[in-house]
2 protein chains.
Amino acid sequence: MTEIRQPTPRRGTNLPRMGDFNLTVILEAIRRSSGGLSRVELAQIVGLSPQTISNISRRLLDQQLIVEAGKEGSGPGKPRTILRLNPAGMYAVGVHLDPAVITFVVLDLLGDVVKHSRMATPGGDPAGVITGIAEQIQALIEESGVDASKIAGLGVAVPGPIDLDEGSVVEPPLLTRWNRVRIREALADATGLETLVDKDVTSAAVAETWAGGASGAGSFVFMYMGTGIGCGIVLNDEVVRGTSGNAGEIGHIVVDPEGPQCDCGLRGCVKSSCIPQVLVAEAEAAGVLDGNRHGADGPEVQERYAELCDRADAGDERAIAILDKSATLVARAVSVVTNTLDVERVVFGGPFWGRMSPYFLDRVPGLLDRNNAARMIHGLEVVGTGVGEDVGAIGAACLVLEHMLAPRAQRLLLEG
Amino acid sequence: MTEIRQPTPRRGTNLPRMGDFNLTVILEAIRRSSGGLSRVELAQIVGLSPQTISNISRRLLDQQLIVEAGKEGSGPGKPRTILRLNPAGMYAVGVHLDPAVITFVVLDLLGDVVKHSRMATPGGDPAGVITGIAEQIQALIEESGVDASKIAGLGVAVPGPIDLDEGSVVEPPLLTRWNRVRIREALADATGLETLVDKDVTSAAVAETWAGGASGAGSFVFMYMGTGIGCGIVLNDEVVRGTSGNAGEIGHIVVDPEGPQCDCGLRGCVKSSCIPQVLVAEAEAAGVLDGNRHGADGPEVQERYAELCDRADAGDERAIAILDKSATLVARAVSVVTNTLDVERVVFGGPFWGRMSPYFLDRVPGLLDRNNAARMIHGLEVVGTGVGEDVGAIGAACLVLEHMLAPRAQRLLLEG
DNA sequence: ACTAGGGGCATCAGTGACTGAGATCCGGCA
DNA sequence: TGCCGGATCTCAGTCACTGATGCCCCTAGT
């Protein structure tokens, strides 16, 4: 299947590439506008001549990616014809393979969820699980009732590390038996769909650029709050994948010099001091959560973490202290990343985000600002994602949309 | 002067842009080859047709950016004409404003230094210093004897934080009085040259891409070992500047949970535990370096640090221990950055690098490999820069060359 | 109701960069 | 000396963007 990575050395470009690129530029402008755009507005925004806009609009209309949606006239003159995305112009399927749960979505061109489903992650043989996923995908497509010919492909979000070239999962900590499984190939064969694989946090960042509205533009870091904590990075509207697709590994940033010992030899790393599992254990040790149910699997932790948040919401000081402290620690890790990359925004999201958000939004912005090396020059926006809990699966589907339709510079270059 | 930053929203592209871009692509291919390339080879590498290569070659020859340099024939058929960069085709002036010393260079198109000079950084009023810099630049250009019409511009590397939009220095820690000084404007006016300002670490990274040979390709982090420690970031052959040009601030990454208290409230940050000034103080406290000369200004520290290295080179165990520990700590910070960005290479350089390199090259590669989150997928190359001590000033000049001639995607987009 | 006016948008040629086919050039080899 | 093969150039041809021009559609005034 198509490669995501950039070839090197850099290759030239030619006329058809240019045309395709401009098409995606226009599509993106329409996508990022709130209520659609007229041809004249487009010309102004993208800097191309009105004629070119007209030509490209026609191509987009022919491809049914956009529709003419009413007119907007104020004052004399012919009213502007508004161009909007056609939600039914393209669909993509996304799968998020999480250690605890597998999420499936069908997304339309707007990035809205048409259909979704979940299943607990089976513990068995990867090959069997992959077959199950493929079946579930087929069922979901049928149930969704979308035109199968409009499905552009399948995106798969997996926990890292991954090998982007191989399209494989490489020794994910919580998915034993999934070592060097070439899931891209396997799912492409099983479903017949063009398939892209990427890391869950990268997918989440792509979801934000595609379905996240204003907070998905420019340069930002997406903090993915899941079973682990990782980040997706977007610089100048393009996601950063890294050499092998493993960018965003921040688990060993030291955030608490007095924190617990980590397997890396240091103390107080992110992954040993502020992931939900650790917080839950801390709460149990402190007697905030009763019992010592050491169920360390995904859903169990999420449930216990929700309990912890319930206590805090109810006013339990000790529960609040644990959450506040976790916010402080996470903020330190975020500061490291934002200072390294000088981004303009931090977007929080992921399955655990919903419950923790009030505690984080209360403290993190101030902490980040205080540690912002570029404090004198610009602020640092902190927001929660609008994409919701299924951001992994939605992002996976967005990988496909992004690959087909985003104005990446890569698109201009000739292929090897 | 021209903006470095990318506008948003993304704008379209057109025919002339495409031509210019392809020209830079070909130039880069020639630049990155060891002994020049023929037209046929170029066609193969950049993916354009031989005719296009011929046309663009003619443009490059007309502009005197390349020259035909001999033929290379093996076997029957017309021998290939080798195209090489013409060193005299373009020059750039670079200035590195360091708290201790100001370095000046004139660079040719190959990235080789034609002429260079230094002066101690005067402590006076910024306006006066800037006048002095401008005079020194004029003198250097005259002495170098290069054709003034071939000088493409002036690059200025300054310590952060900076404001890239303003072209100004913003409260650099060791340059008091230099707050919000619009040095780009001032030097452009004073010299009449097109002027670009960027952070020293970013400039160093650009130097590596332009003058560093093979180690300047692809995705890497440039660790700048100076009075402070910072990094320049290059992803997919393009330097990362960040929203305001302040990317690469890694001073507050925690690397030693038992380290000294930092002004940020944590312990063991990079800037409080492994910058030369701290190591020298440590050595003095331990009696490795005699006396307690607390001269904390730049040249003084560099001298004392050299002494420390001398001791280590001579076999002083305690001196070696201090340097080894600093290598360990720096490696931790580097790991944070490389795991966040998943780059393929780390390049060390900067004024202090020469003396510390044996100790670092001995330990850092192993430590980085051990902490590499993508260890199973790819290795992490560690090299010292070939650019030398003046990497800041050379990088400053390279900013100009890069801006004029590098195949940045940005070049394709229409301007606002 | 009709007309003037103005802005949106399409049509038509024009420019310029890349491409394909064929011609030309240049050396080695028989 | 003539043949051959590879490198490069010449000459149209294609196609995306641009500028000029004109049609279309709506508002507003009479």
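The values are calculated or read from the model by the stated rules, or taken from the named source; none is laboratory data. Please read all numbers here as calculations on a predicted model, not as lab measurements. We place every Cβ from the backbone using ideal geometry, glycine too, and count neighbours over all the protein chains shown. Side chains are part of the model used for accessible areas, which takes the heavy atoms of the whole protein and leaves out ligands, DNA and RNA. Shrake-Rupley method; radii C 1.70, N 1.55, O 1.52, S 1.80 Å.
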Determine the pairs where a residue that is aliphatic (A, V, I, L, M), located within region B:49-64, has a partner that is away from DNA strand C (no atom under 12 Å from the Cβ) and outside any helix (DSSP H, G or I) with Cβ atoms under 7 Å apart, the partner being 6 or more residues away or on another chain.
B:LEU60/B:ILE66
Residue check, B:ALA100 against (1) open to solvent by 50 Å² or more (accessible area, probe 1.4 Å); (2) more than 10 Å from DNA strand C (Cβ to nearest atom); (3) small (Gly, Ala, Ser), all met but one. Which one?
(1)
Within the group B:LEU61, B:LEU15, B:LEU48, which residue is among the hydrophobic types (A, V, I, L, M, F, W, C), near DNA strand D (Cβ under 10 Å from one of its atoms) and within 11 Å of chain A (Cβ to nearest Cβ)?
B:LEU15
Of the candidates A:ILE130, A:ILE45, the one satisfying the condition of being within 16 Å of DNA strand C (Cβ to nearest atom) and farther than 21 Å from A:ALA204 by Cα is A:ILE45
State all residues of region B:206-221 that are touching a helix residue (DSSP H, G or I) at 6+ places or on another chain (Cβ under 8 Å) and away from every other protein chain (no Cβ under 13 Å); if no residue qualifies, say none.
B:VAL206, B:ALA207, B:GLU208, B:TRP210, B:ALA211, B:SER215
When both residues are 6+ apart or on different chains and their Cβ atoms are under 7 Å apart, which pairs have a first residue that lies in region B:75-100 and is within 14 Å of another protein chain (Cβ to nearest Cβ), and a second that is more than 16 Å from DNA strand C (Cβ to nearest atom) and open to solvent by 40 Å² or more (accessible area, probe 1.4 Å)?
none
Residue list for region A:391-416, restricted to those being more than 19 Å from A:SER203 (Cβ to Cβ), open to solvent by 30 Å² or more (accessible area, probe 1.4 Å) and not in a loop (DSSP other than H, G, I, E, B):
A:ARG411
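For (1) closer than 14 Å to B:MET223 by Cβ; (2) within 14 Å of chain A (Cβ to nearest Cβ), each residue gets a yes or a no:
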| position | (1), (2) |
| --- | --- |
| B:VAL346 | yes, yes |
| B:GLY349 | yes, no |
| B:TRP353 | yes, no |
| B:GLY366 | no, yes |
| B:ASN371 | no, yes |
| B:GLY379 | no, yes |
| B:GLY386 | no, no |
I need a count of the residues in region B:227-271 that are within 21 Å of B:ILE162 (Cβ to Cβ), facing chain A (nearest Cβ under 8 Å) and assigned to a loop (DSSP other than H, G, I, E, B).
14
Consider only pairs whose beta carbons are under 6 Å apart and that are at least six residues apart or on different chains; among these, list those whose first residue lies in region A:323-337 and is farther than 10 Å from A:MET356 by Cα and whose second residue is in a helix (DSSP H, G or I) and among the small types (Gly, Ala, Ser).
A:LEU329/A:SER273
Suppose we keep only residues that are within 14 Å of DNA strand D (Cβ to nearest atom) and open to solvent by 40 Å² or more (accessible area, probe 1.4 Å) within region B:21-45. Which one would you say is nearest to the other protein chains (Cβ to nearest Cβ)?
B:ILE45
Tally of residues being open to solvent by 30 Å² or more (accessible area, probe 1.4 Å) and within 8 Å of DNA strand D (Cβ to nearest atom) across region B:74-97:
6
